Amino acid sequence: MESPVIRLELELAKFDLDRRAVDRDLTHRGFSLIRPERIGDADASRARLHQLAQLIVNDSPRTDPVENGFWEFINAQSIEPAYEPAEVVVAVHDDQWVGFSITDSHGESYVLSDSVWVAPAYRRRGLAISMVAQAAAAAHDLHVPLMRAEVGRTDDALLAVYHALGFTESPSSDTP
């Protein structure tokens, strides 16, 4: 049986680190990418991220078969604002947090691109690709060899983001 998710991976040694052109374009349009750990006040950052997560999760389409119980899990996770600030990239526009990505470190072997979310009014502007690219560059700087992701088979927009960055399907995608 085909898995409802596609497992992707990126060899970070082959990653194009010169993603600054995309970031400069975002800057010209009034966006910036920040890491909550760098702006201080962790409690306030966690609360802002939690509020943004609830907005985005509640507005996200729920048509993918992978969501059988998935959205209930995500909503339960969104109850408490808990994350490791060093693993979060936040997209900001006019001092408003409008998107975020979270990576999870798995030792020295790989990082997992765990979540990529953009508020509905800010989608299709290059934020997701820039946030994942920044996370990949940070992992590359730490000499981590791989970045992995799991994406619902019908999430064409997020699959396009990962493919644009050079992610390829992992050989284990069709295993349970």
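Every number here is computed from the coordinates shown, using simple stated rules; none is lab data. Source: prediction; values computed, not measured. Methodologically, a virtual Cβ is constructed for each residue, glycine included, from the backbone with ideal geometry; neighbour enumeration extends over all protein chains shown.
Points worth noting:
- When the alpha carbon gyration tensor of region 105-176 is reduced to an equivalent ellipsoid, its three semi-axes come out at 21, 17, 10 angstrom, largest first.
- Annotation: the antiparallel percentage among DSSP beta bridges lying fully within region 90-149 is about 75.
- Segment D156-R124, length gained on full extension (0.36 nm per residue, minus Cα span): 10.3 nm
- Rough spin-label spacing in nm, given labels placed 7 Å along Cα→Cβ, for Q96 and D16: 3.1
- Amide H contacts for V98 (H built 1.01 Å from N in the peptide plane; partners 5 or more residues away or on another chain; cut-off under 5 Å): A91, V92, H93.
- Residue by residue, region 120-130 carries 3J(HN,Hα) couplings of x, 5, 10, 6, 6, 10, x, 5, 4, 5, 5 Hz when phi is fed to the Karplus relation 6.51 cos²θ - 1.76 cosθ + 1.60 (θ = phi - 60°); x denotes Gly or Pro.
- Calculated FRET value between R35 and E169, using beta carbons and R₀ = 30 Å, to 0.05: 0.55
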